[in-house]
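The values are calculated or read from the model by the stated rules, or taken from the named source; none is laboratory data. Here the structure is a predicted model, which is why all the values come from computation and not from measurement. With ideal geometry, Cβ positions are generated from the backbone for all residues, glycine too; neighbour counts draw on all protein chains shown. Only protein heavy atoms, including side chains, enter the accessible area calculation; ligands, DNA and RNA are left aside. Shrake-Rupley method; radii C 1.70, N 1.55, O 1.52, S 1.80 Å.
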Amino acid sequence: MEDFDAAIIGAGADGLAAAVLLARAGLRTIVVERDARAGGRLETREFHPGFRASTYADEIAPIPRDVFWSLDLARRGALFMPQRQSLALRSDGQETLDARSAAALLVGDARRRADAVLARALGEVAKPRAAKTALPWPSEDWGGASLSEIADRAGATQRESAHLAAAALSGRAADPDLPGSALHLLVPGTGGSGIVRGGLGALATALEEAAREAGATFSFGLEVADIRRARGRVRGVTLADGSEIVARAVISTLDLKRSFLSLFSWTTLPPKLVSRVNGFRMAAGTARLLVALDGLPESMGVSGALRRCGGTMHIAPDTAALHGAFTAWRNGALPEALPLTVRFPSASDPQLAPVGAATMTVTLGAVPHRLFDGAWTHEKRDALRDRTLKAIEAVMPGLGDRVRATELLVPPDIEEALGLTDGDLDGGEIAPDQFFTTRPWIEGSRAPRTPIAGLYVAGPSTLSGLLASCVSGVAAARAVMADLSRARWWLP
Amino acid sequence: MVAPVNWDAIVIGGGASGLIAAATLAKARQKVLLLEARAVFGGTSETPASGETISLSGLDPALALDQHVIEELKLSLRYAKRDLPLVALRPEGHHIVVGRDAFRTARNLGWFSARDAQAWPRFRREVWALARAMRKVWWPQGIAPIAVPEHDAIEAMKYAGALAWLGRWFESDALKAALAFDATEDGAAVNAPPSALILLWRLAQEMSGLQAAQSIIDDGNGGLAGATLRAALAAGAELRNGAVVTKILVRDGRASGVRLDSGETIEAHLVLSSLSRSVTRALAPTGAFGLSRSEVARAPSIGTARILLSFDREPRFGDSVPAAARFVVADRVDSLISARDAALAGQIPDELVFDAVPVTPRAPTAQHALLLRIRPVPLAPSGGWDAARAVLAARAVSALGTFDRSLKSAVVALRIATPEDLAREYGKGSSAATVERLLQPAGARIATPLDNLLLCGSDAEPVSEVAGRAARLAARRAIALAGAARKGVVR
Amino acid sequence: MSALRPTPFHLRTAERNARNAWVERNGFTLARDYGDAEAEALAARFSVVMADISWRWRVMLEGTGAPDAVARLFTKDARRLPAGSAVKALWLNDAAAVRGAGLLARLGDARFLLAAAAPDRDWIFDAAARFDVRADDSISAQGGVALIGPFAGQVLRVAGLDPALEPLAFRTDDWRGLSVTLSRWGEHGGYEVWCEAEDAPIVWDRLFKAGAASGIRTAGLAAMDLLDLERGVARPGRDYRPASDGHGAVPHPASLSLERLIDETHLDFNGRAAWLATRAKVGTSLKGLVFDSEIPAPHSAVMKGGRVVGRTFSSVYSPALRRAIALAQLDERAHAPGPSLFVTLPMDAEAPFERHANVHVQDLPFLPNPDPILP
């Protein structure tokens, strides 16, 4: 039995950031990760000899600059290249979003709102528990409006609005016409942090280095089976092999459902908490296709696209197609027109592919966790892969001949690999009622604190975890430090 | 030809709302002129003239009429049916009956889910109290802004879809589908905001003295249209039919009158419009309502179709089903969503979602009649309404037929009013449901960028129903403005 | 005042300079950026960039007296340099003030090449004349491109040039009919390719084609200056004003932390005596500052408490570090314990009021060069 001040479940971006802060503050910190390496979704995978790509996403939510500075990530090898430009590819042409267009300004506005929301949420953290939470939302009309409506109000044209929707809903299953979809602009699927040199795995390495340098301990390979409580307070965690870790505070970076329903027996939790967590909806829609190419075809499609923006390309022609995709997803089927986001990360970061070859990543949206006619079999995966490549070939002729190898991940794979309920990379459906009331928290306490004394949540299910990376971990660490310094009791 | 400015107010639109506004103004001794485009007054609340065999009488039977309006104007209304229970017809044979008695309802719900049966009394108590708390906002006495009650639950509802919100209380799909039907007004989606608020609005209304009651006004003596018409005439309002307004005139930044299709110009100090906001904007000069895009209130592309079915016998849906009830046919929660998707795509939904209320039969040989409100249907289906009409009728009859086998053969008459018909006949249009529209103060709902142009129709209500509330408030605001003008107060 | 001259690569750079962003340096007109200076600077760390460096001043020093001239002028002894290698050095005036900094390459027994960021014709030519050495800077008409990035060597290999070259070395190759000089004189771990003016477009095209597979892009002067700053390299003319006469004592090499470019065992360089006499007395040094801000503050005062303890030179926003950085000349007082350092950020339309940003001293370089990647 080892004795620590704080235990962090999950060594993802948030868990590692929390570890750095707590360890720097002098607390004995341990990070428990069930995988063999740190990083979670921050992984660069060599999916074919010589070909590497960030497995689950090319970008993550942006890391605020002061967190970036204080973790000294740049000098630890995490170099970010922002992907500001995006391209919409159609069979009848391609277009970028003009930096001065209404839609581009809207993106900037959305980012500012997201930052304001973050700042308010973070500001509340260090305060002690309050009976009433004041919801920190800057404007209600964004919460209830649809994405198309907001774009329309801002003066965007039809095409710009479609482009905006494709960019914001990349990798998700959502309908841009449904009220409440404007929230996706605050947490867009693309245009976040930018790509990292060497893939997201390099960021994981930098964060782990920072945590170790600060003095945190790591435990790899064992899953947390149980959280023990004594006298109503968290006392420690039990690992899968039965070993126990004593800790006065536990930060869980698992998603909401796993944090509560798998780490506790539900009969021991307050019923209101259980019903809230049960009612929290997940909306897994992301699939990833990693493709090793023999080279980039010279066709106008690819080289033109790369020359014009060098970054993100969306193949999702219009809002009607996105609406159709959402309807199909709801019914457990795959849509006619797959919403795709294509990148060639090796074009900006040549070490991801051998010389002369190229790596392509495709993020598919509106892919159901379970199809209406059963689970994801090999045939269905192959069928999806072929459909995707065909759709890309339609706008980039010549690509199909150059495919050397592929790897497809569908929501169940993501669920299994990352331990995310349903394989939802966003940690829950992005809907106004979930956004404003269930994340971060209600019931009178303020996230990252939970109704269980000594347990804190960080990670994708929390609001700050969705809006930015590493921040929810920082918030949880600050809460832990504030509470432990105020504690009047001492564990034996 | 320019008439001298001798009118205090012009009211555009002679439906129930317009008549209420005109009556209120006339009672305050304002010189009011009401202009109606059709030959008959009453709008969609009209009742057939005597001798007419069949018409779409009382197209809006389930009203949310303001009690104050009834009292102040001394409207003589009789109710044909009071407090209809909600009956959700189920293919399983056991129908959901939601009545005023919470415990009987709970027993009925027990067949579907024990948990729901347990939750119902608490739901009834708490949510209805919440709805009453919201009356401050939805039943304002004046137009001064009133803060939305500080209530976590209401904050949560602002951003919740009706389904998600109901899902926190109930688990059975059948019950959620039945209750969520009322949340689909004005093109709202049940899985997105503001449908939860629309449900709450419905529960906050009062009819015949009972909260959330669904009552049918007896249309003998003219029904609502007749009552409001008599009130307007008695108060001394001047009514003109056959007058089509083509333009609202603006001078010096203020509305100065209207122009008719005949070319006649009528001037007044104030103009009230019971038409929808978008139609009113179209009548005003270009740019009078502002140039920014956000002024554009989006109209939904889906609407309600109404079918009047007359039978030669009483429909029998089941032994335990009360004869007089509001029947809702919504098979599953998913039916509500997929019906909306189909309607948005311009198709008549395969699985229709509708409610049906008993009305007075008028056709010869008809013993009973049901008025169906099918929602949503596309405003303009692909292929046009001519073809879609028949499809809609057939599906509606067959849907009812699943609950009463031989009902189809009992149909003696069928009349459809498609959204297109209503738009053409009555100029009826509406704005989409938004959180803003539901929560903004009454003053904002009736106001337009022009000081003395006010909206008084159902479009100025939080949910597009004939309530008379906006009409009454707009009229009172107009009276206040007129009084201030007389005293020479500079606004 | 003569008109600005285009560099030999102007044809190619103009094609890519879509926004028509030109700046002047050393009398040449150069592209400031090719759309996004920050992205270009980042690309130099991710893949490889190509930059037109024809603006660098080059002088040939030839003659029997060349070794002596060179020994006298420069703070490092080039007489012992083998042909094909180079050394970095300063040249000082009589009072040991810095007149210039550059790279001295030995081409032959009596032939040297000086490459510098800023010209100093008067001093060099005057000294050369005294030693009976022919100084000729017409070689500045030759073109030069720099290839910077972890894939720079890869690009050369694909293009047909052998990247095996020691740092500071150079050699002349016959490259499929063109005579080019390949060198490693830059501070960023990259290569430079020097060629005749008329061959410039061909060199550009060949390198660009070879770099396509490695994601090559062009970098303008802004990106190059940014890389210099991230590396901690201060250049005369751009960052500080070198001495313009023979007697002035500023700037002192120690105040610019350039001591490493002075070899005290070299007994002949001009200003040696003054250097030895004054080197211990100089109180300022060049340091790197990182800001707690994204807004840079060039040529501003650095303050501690209420007192000025230094001045910033160039200051830019570094996209890799996501914060503003600066090179600054700081007194010893700046390093004493006490309140933290801060600078006043420049006012602009968006913020017409005084703002401060805290700054911290950081060892140079701010960011190390990325390692080369050669399969």
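A few notes on this one:
- Proximity of backbone amide H atoms, modeled 1.01 Å from N, is registered between A:Ile195 and A:Met81, A:Gln83 at under 5 Å, excluding neighbours fewer than 5 places apart on the same chain.
- About its Cα centre, the dipole of region B:280-380 is roughly 440 debye, where the only charges are +1 on Lys and Arg Cβ and -1 on Asp and Glu Cβ.
- Phi angles of region C:311-319 translate, via the Karplus equation with coefficients 6.51, -1.76, 1.60 and θ = phi - 60°, into HN-Hα couplings of 9, 8, 8, 6, 8, 9, 8, 9, x Hz per residue; Gly and Pro are given as x.
- Peptide packing for A:200-210, A:223-233 was compared via the average number of neighbouring C-beta atoms within 10 Å per residue; ordered from the highest value, the list is A:200-210, A:223-233.
- On Cα atoms only, tilt of A:300-309 relative to the major axis of chain A in degrees: 50 degrees
- To the nearest ten degrees, helix B:195-204 and the longest principal axis of the Cα atoms of chain B are 80 degrees apart.
- Interface size C-A, as summed buried accessible area [1.4 Å probe, Å², nearest 100]: 2100 Å²
- Region B:206-245-region A:9-44 distance, computed between alpha-carbon centres (Å): 70 Å
- Peptide A:75-84 - average C-beta neighbours from other chains (10 Å radius): 4
- Among the residues of C:37-46, the average count of other protein chain beta-carbon atoms within 10 Å of the residue beta-carbon is 4.
- Here region B:101-205 has 54 percent of its accessible surface on carbon and sulfur atoms, given a 1.4 Å probe and all protein chains in place.
- Of the solvent-accessible surface of region A:1-103, computed with a 1.4 Å probe over protein heavy atoms with every protein chain present, carbon and sulfur atoms account for 46 percent.
- Here the 3J(HN,Hα) profile of region C:220-235, calculated from phi with Karplus coefficients 6.51, -1.76 and 1.60 at θ = phi - 60°, is x, 5, 4, 5, 5, 5, 4, 4, 4, 5, 5, 7, x, 9, 9, 10 Hz, Gly and Pro shown as x.
- For the protein assembly as shown, the residue among A:Ala202, C:Ala44, B:Ile70 whose Cα projects farthest onto the positive side of the dipole built from Cβ charges is B:Ile70.
- In a reduced charge model with +1 at each Lys and Arg Cβ and -1 at each Asp and Glu Cβ, region B:101-205 shows a dipole moment near 360 debye about its Cα centre.
- Most to least accessible of B:Phe403, C:Phe366 (protein chains only, probe 1.4 Å): B:Phe403, C:Phe366
- Quarter the surface of the alpha carbon convex hull of region C:283-362 and you get the mean projected area, 5.1 square nanometres.
- B:Thr286, C:Thr265, ranked by accessible area, largest first (probe 1.4 Å): B:Thr286, C:Thr265
- Within region C:199-285, the percentage of alpha carbon pairs spaced more than 17 angstrom apart rounds to 65%.
- Solvent exposure of C:Lys287, expressed as accessible area, is near 70 Å², computed with a probe of 1.4 Å over the protein chains only.
- Positive-end residue of B:Gly257, B:Ala26, B:Thr304, charge dipole of chain B with Cβ unit charges: B:Ala26
- Long-range amide H partners of A:Gly459 with built H, under 5 Å: A:Gly465, A:Ser472, A:Gly473
- Computed Kirkwood radius, in angstrom, where 1/r is averaged over Cα pairs of the protein assembly as shown: 36.1 Å
- Close amide H partners of B:Val359, meaning residues 5 or more places away or on another chain with modelled amide H under 5 Å apart, are B:Ala369, B:Leu370, B:Leu371.
- Between region A:336-379 and region C:253-297, the alpha-carbon center distance in angstrom: 54 Å
- The accessible area of B:Lys27, taken with all protein chains in place and a 1.4 Å probe, comes to roughly 110 Å².
- Separation between Cα centres of region C:129-184 and region A:215-254, rounded to whole Å: 61 Å
- Buried on complex formation within region B:159-200 (loss of at least 20 square angstrom of accessible surface versus the isolated chain, 1.4 Å probe, ligands and nucleic acids ignored): B:Tyr159, B:Ala164, B:Arg168, B:Asn191, B:Ala192, B:Pro193.
- Annotation: peptides A:341-354, B:160-173, C:161-174, ranked by per-residue average of other Cβ atoms within 10 Å with the highest first, follow the order A:341-354, B:160-173, C:161-174.
- Entry note, chain A: the mean residue ellipticity at 222 nm calculated from DSSP H runs of n ≥ 4, each adding -39500 (n - 2.57), is -10000 deg cm²/dmol after division by the residues and rounding to the nearest 500.
- Set of lysines near B:Lys27 by C-alpha distance (under 22 Å), chain-local residues within fewer than 8 positions excluded: B:Lys74, B:Lys487
- Rounded to 10°, Cα long-axis angle of helix B:114-133 versus longest principal axis of chain B: 10 degrees
- For region C:84-155: accessible area per residue (Å², 1.4 Å): 32 Å²
- Options C:Ile139, A:Ala6, B:Ala37, ranked by Cα towards positive dipole end of the protein assembly as shown, top entry (Cβ charges): B:Ala37
- Remark: the protein assembly as shown carries a charge dipole of roughly 3560 debye about the Cα centre, counting +1 on each Lys and Arg Cβ and -1 on each Asp and Glu Cβ.
- Phi-based couplings in Hz for region C:332-347 (Karplus 6.51, -1.76, 1.60; Gly and Pro marked x): 5, 4, 5, 8, 6, x, x, x, 6, 7, 8, 10, 9, 7, x, 7
- In this structure A:Lys272 has an accessible area near 130 Å², from a 1.4 Å probe over the protein heavy atoms.
- Counted over chain A, the DSSP beta bridges are approximately 65% antiparallel.
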